[in-house]
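Q: Sharing a structure, written as structure tokens. Questions coming.
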Amino acid sequence: MGKTCLKDIIKIAKELKADYLKNIEKEKNKELYISTDSREDFNNDKIFLAIKGEKFNGNNFALDCYNKGCRYFILSENIKMPEDAKVFYYDDTIIFFIKLAREYRRRFDIPIIAITGSCGKTTTKELTALFLSTKYKVLKTEGNLNNEIGVPKTIFNLDKTFQIAIIEAGMNHKNELLRISEAIESDLILINNIEEVHLSNLGSIKNIALAKSELFNNAKKNAIAIINKNSNQVETLIKEAKNKNLNIIEIDIKDIIKIDNQTFEYKGIIFKHNLIGDFNLNNILSALKIAEIYNTDLKECSKILINYKSPKNRMQIININECMIINDCYNSNPPALKNMINYLSKRKENKKIAVIGDMLEIEPKSEFYHREIGDLINSLNNINVVIACGNYSKYIYKTVNCEKYYFEKAEDSISKIKEFIKEDTAILIKASLGMNFNIIIENIKN
């Protein structure tokens with residue numbers, strides 16, 4: 001991780017009107033690593049930035065960090081510290097972190113690409129990194145570091161060897177992406193799609209589009225906005241992009257000519273891939289468009305695409321005893337679950353099993369969307385068994401007409417699922433992350 005400078009910390013403190021002892025300004029050229037984890041080792045070259053969440057409070061560990069050797073702190077609570085501790089006090093340390101990342105980002109004259117959307121963010125980010133890596137050294141968001149804490153951490157991983165960066169940006173509340181946009185100062189923003197996800201916090205699909213379009217803020221001059229014209233709320237996104245004077249590029253799935261389930265043509269070039277479901281063609285198209293904009297050779301992209309493998313717990317194929325298990329338990333929402341149910345329905349295996357957990361953050365329409373999944377399964381008429389887990393998934397269980405089983409918790413379903421791990425069977429396992437479906441996957445694999 002790169003170092004921040006006390007000069008930048010003091011600048012942000014003045015910008016935010018944070019409290020600090022002015023005699024620290026004599027050390028303004030000192031460089032410091034930022035740590036948000038009190039469990040790390042500390043010395044005089046680190047500053048501890050305390051983050052306060054719903055279930056934890058980093059301020060409570062400031063003295064522990066001091067006792068390990070830390071002497072520089074950014075805290076949100078007025079904790080009494082030893083006299084030789086240099087402390088900046090501000091009530092929102094996350095925005096302090098974001099603004100420090102902004103200053104660090106400005107040290108690097110490289111393009112930064114910001115990717116968001118309701119579905120497929122991670123796949124699109126990974127594909128974009130894959131394609132751009134044929135020409136550039138790429139920094140990308142790792143794991144699930146796509147929030148107000150993860151994005152600054154990613155930016156602080158920049159160094160002079162990187163030629164381009166790809167930042168995945170997630171949200172579930174209004175103003176989250178507005179804050180994140182300040183750290184990124186994007187050269188290109190992709191909004192992959194807009195779906196009814198996070199309804200419980202945002203209320204309507206238009207509000208979701210407006211929240212996603214917050215990423216258009218703080219963009220560089222002449223920045224580009226890529227908008228999928230096959231998505232919902234395209235007019236809203238275009239209007240917001242125009243309001244920010246962005247250069248708009250629309251992409252259309254019609255630009256891809258599908259040849260078979262694993263082959264398509266784009267710009268006269270044949271591409272082969274191992275991703276499941278036609279819905280992933282939108283993610284591939286988005287990544288290819290970004291690759292084009294940055295003058296990447298599409299023929300090189302076509303050579304490397306066939307080697308792409310999905311990240312852990314995202315549309316992964318596991319073969320056990322000639323039974324195909326589709327592990328997609330990282331997250332779930334109505335459009336993503338519909339896509340996977342349709343994919344399962346088209347599989348060639350004789351028996352098809354859907355193991356489904358709750359889709360979260362879609363209140364107050366949770367019952368409606370879960371019953372809608374049940375209706376979809378009934379209409380397809382070839383899903384043989386449904387195993388439903390969770391409070392809301394009971395509405396799927398009540399709606400479907402096929403063989404069905406219901407469990408309150410994921411772990412309670414494991415023995416029943418194992419009964420169906422047989423030859424010529426496909427099993428989809430999908431739920432929101434909070435349903436802990438990874439326990440099913442690990443148990444089955446072991």
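The values are calculated or read from the model by the stated rules, or taken from the named source; none is laboratory data. Fair warning: this is a prediction, and the values are worked out from it, not measured in the lab. A quick note on method: Cβ atoms are made from the backbone with ideal geometry, for glycine too, and the neighbour counts reach across all protein chains shown.
Q: Can you name the condition, by its number, that Asp255 falls short on among (1) surrounded by fewer than 17 Cβ atoms within 10 Å (Cβ to Cβ); (2) under 19 Å from Ala129 (Cα atoms); (3) touching a strand residue (DSSP E or B) at 6+ places or on another chain (Cβ under 9 Å)?
A: With (1) surrounded by fewer than 17 Cβ atoms within 10 Å (Cβ to Cβ); (2) under 19 Å from Ala129 (Cα atoms); (3) touching a strand residue (DSSP E or B) at 6+ places or on another chain (Cβ under 9 Å) applied to Asp255, the lone miss is (2).
Condition check ((1) part of a helix (DSSP H, G or I); (2) not small (Gly, Ala, Ser)) across all residues:
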| position | (1), (2) |
| --- | --- |
| Asn144 | no, yes |
| Asn147 | no, yes |
| Val151 | yes, yes |
| Thr154 | yes, yes |
| Ala165 | no, no |
| Gly170 | no, no |
| Leu178 | yes, yes |
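Q: For segment 277-330, how many residues meet the condition of being under 19 Å from the mean Cα position of the chain (by Cα) and surrounded by fewer than 20 Cβ atoms within 10 Å (Cβ to Cβ)?
A: The number of residues fulfilling the criteria is 9.
Q: Being in contact (Cβ under 8 Å) with a residue 40 or more places away in the chain and either surrounded by 14 or more Cβ atoms within 10 Å (Cβ to Cβ) or touching a Cys at 6+ places or on another chain (Cβ under 7 Å) (or both), is that true of even one residue in segment 397-405?
A: no
Q: Now a separate question. From the set of residues in segment 381-434 that are polar (S, T, N, Q) and within 20 Å of Ile276 (Cβ to Cβ), which is modelled with the lowest pLDDT?
A: Only one residue fits best here, namely Ser432.
Q: Which of (1) farther than 25 Å from Ile251 by Cα; (2) surrounded by fewer than 20 Cβ atoms within 10 Å (Cβ to Cβ) is the odd one out, the single condition Leu100 does not satisfy?
A: Just one mismatch for Leu100, condition (2).
Q: Take segment 42-85 and flag every residue that is surrounded by 16 or more Cβ atoms within 10 Å (Cβ to Cβ) and assigned to a strand (DSSP E or B).
A: Residues satisfying the conditions are Lys46, Ile47, Phe48, Leu49, Lys52, Tyr72, Phe73, Ile74, Leu75.
Q: Report, by residue number, each residue of segment 293-326 that is in a loop (DSSP other than H, G, I, E, B), farther than 22 Å from Asn342 by Cβ and touching a Leu at 6+ places or on another chain (Cβ under 9 Å).
A: Listed by number, the residues that qualify are Tyr294, Thr296, Asn307.
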